[in-house]
Amino acid sequence: MQETFTILQALEICADMAATTTRINSKPIYFTRIDQATGRPSIHADLPVHEENPVDPRTRAAIFELVYREHLPHLKIAGSDVSALQAIRENRLTFLDHRISRAATEILE
């Protein structure tokens, strides 16, 4: 079992987080309260109601393209004529979950 992330896996996690953040309309508000009697601080959050607002695949692809931009010239998908850029634009490239794409074990860097 792999214990650390590769740079490409870390970039994918960051890109997914960025794509997810773009769809959140009402973000949580965090604040600290100080108890006047004791002086003890406590952290609180006003959480918005859950929104069913899935990530637009085009937004995800655009963010991934930006994140992987400097790695694209070096990425090749073994046994395929599909370029890494095309696979990103079609949301078929992942370095985390081999069930989504064979690329996780077939990327040559």
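The numbers here are math on the coordinates, done by the rules we state, and not lab data. Everything numeric here is computed off the predicted structure, so don't read it as measured data. Don't worry about glycine lacking a Cβ; one is built from the backbone with ideal geometry, like all the others, and counts go over all protein chains shown.
So which residues in segment 1-46 are in a loop (DSSP other than H, G, I, E, B), loosely packed, with under 11 Cβ neighbours inside 10 Å and touching a residue at least 12 places away in the same chain (Cβ under 8 Å), if there are any at all? Working first, answer last.
Going through segment 1-46, the residues in a loop (DSSP other than H, G, I, E, B) turn out to be 1-6, 23-28, 35-40.
When the remaining residues are screened for being loosely packed, with under 11 Cβ neighbours inside 10 Å, the result is 1-4, 25, 27-28, 35-40.
Those that are in a loop (DSSP other than H, G, I, E, B), loosely packed, with under 11 Cβ neighbours inside 10 Å and touching a residue at least 12 places away in the same chain (Cβ under 8 Å): 25, 27, 28.
Got a number for residues in segment 62-96 being among the charged types (D, E, K, R), surrounded by 14 or more Cβ atoms within 10 Å (Cβ to Cβ) and part of a loop (DSSP other than H, G, I, E, B)? Of the residues in that region, 1 qualify.
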